[in-house]
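Below is one structure, written out as structure tokens, with a few remarks after it.
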Amino acid sequence: MHVSIVVPCFRSAGTLPDLVAGLHAALPAHTDGHEIILVVDDGATDTWHTAAALARTHPTVRALRLARNYGQHNALVAGLRAARHDVIVTMDDDLQHRPDQVPVLLAALTADTDLVYGTPDREEHGPARSLASRLVKLAMARTMRVPHARDLSAFRAFRAFLVAGFDRIDGPHASVDVALSWSTTRIAAATVTMDRRRTGRSGYTLRTLLRYTANMLLGYSTTPLRLVTWLGFGVGLLGLGLFGLLVYQYASGTTTVAGFTTIASMVALFAAAQLIALGVLGEYVGRIHTGGMGRPTYVIREHVDGAARPAAEPALAGAAR
């Protein structure tokens, strides 16, 4: 098989040479050919200079430089659309995903499997990050019906025809795993060995993971709208119960003049429910508006193909297919 390795790069000038060297050592014995696509999603120039130098040195390395920082999943979409081979592997740039574990994913990509996730043999993150990661996977499993959500990982191998599922993705909010789940249910997991991050800190924090979860829920699911509907039913039942209580008190002769606290509490309760509903609806309307503005998923500033000089690529500039 021929394999495309797609690596989103962010502040990783120090790890890219070792990553490329490791892939070149691990892949020839397990593939008929390969390419490495380094997608630089970083405003700093040192990462791009390193990626471009590797592309000029190695015929199998291609470097794409995005015009600005669009986010990991947007960078992945750019790399996936540029991939040329029949199998695609995605991995991180910090060497936590070991190059020698790529053959493990390829071996698990059997004839009846379209997508394989690499699951770590041990947890490499702190408790807060691990909790946030579990929340993301739980949200995808419960609200978007993503199969094998508990196995989700940025270390993936899948067949290139699944990229067709990304053709209609545009705008700033991309989710690779959701799009893949729309294209296949033939998903498996393989246990891989992970290393600790060598330098720097992960760009994913508890806050960013929770924001990513919110983006997925609002961008790829109607569950929040259903929750608003149930909230409306709940508040309506509560109001009906209060009305019944007042009727009972009136009929039994125990009614009293309602005080300011009771009235203020009821008004605040119903106002809160209405504002929550309006807020959720506003998020959806805002995303529709953003999509209508044509905001791109990514824009490629320049690229370097194996042992070539850097060049602009007008066909990819402003890419938001």
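Any residue that is at pLDDT below 80, under 18 Å from the mean Cα position of the chain (by Cα) and among the β-branched types (Val, Ile, Thr) - is there at least one of those in the stretch 141-154?
yes
For residues that are over 22 Å from the mean Cα position of the chain (by Cα) and either assigned to a loop (DSSP other than H, G, I, E, B) or aliphatic (A, V, I, L, M) (or both), tally how many sit in the stretch 20-43.
11
I'm trying to understand the selection: among the residues of the stretch 275-319, which are part of a loop (DSSP other than H, G, I, E, B) and modelled with pLDDT of 70 or more?
Pro296, Thr297, Tyr298, Val299, Asp305, Gly306
Can you pull out every residue in the stretch 94-123 that is part of a strand (DSSP E or B) and surrounded by 18 or more Cβ atoms within 10 Å (Cβ to Cβ)?
Initial filter on the stretch 94-123 (part of a strand (DSSP E or B)): 97, 115-120.
Correct list: His97, Leu115, Val116, Tyr117, Gly118.
Restricting to the stretch 1-19, name every residue that is of a type outside the set (Gly, Ala, Ser) and over 23 Å from the mean Cα position of the chain (by Cα).
The initial filter retains those residues of the stretch 1-19 that are of a type outside the set (Gly, Ala, Ser), namely 1-3, 5-11, 15-19.
Across the stretch 1-19, the qualifying residues are Met1, His2, Pro17, Asp18.
What is the number of the single condition among (1) surrounded by 17 or more Cβ atoms within 10 Å (Cβ to Cβ); (2) touching a helix residue (DSSP H, G or I) at 6+ places or on another chain (Cβ under 7 Å); (3) modelled with pLDDT under 90 that Val163 does not meet?
Every condition holds for Val163 apart from (3).
If I ask for residues that are surrounded by fewer than 19 Cβ atoms within 10 Å (Cβ to Cβ), at pLDDT 85 or above and outside any loop (DSSP other than H, G, I, E, B), which ones from the stretch 166-191 would you list?
Selection gives Ser183, Ala188, Ala189, Thr191.
Output the qualifying pairs, or none if there are none: Cβ atoms under 9 angstrom, residues six or more apart or on different chains, first residue in the stretch 222-241 and over 13 Å from Ala273 (Cα atoms), second residue charged (D, E, K, R).
Thr223/Arg142; Pro224/Glu283
Inside the stretch 44-93, can you point out the residues that are touching a Ser or Thr at 6+ places or on another chain (Cβ under 6 Å), part of a loop (DSSP other than H, G, I, E, B) and under 25 Å from Pro120 (Cβ atoms)?
Ala83, Asp93
The values are calculated or read from the model by the stated rules, or taken from the named source; none is laboratory data. Quantities reported herein were computed from a predicted structural model and do not represent experimental measurements. FYI the Cβ positions are ideal-geometry reconstructions off the backbone, even for glycines, and counts take in every protein chain you see.
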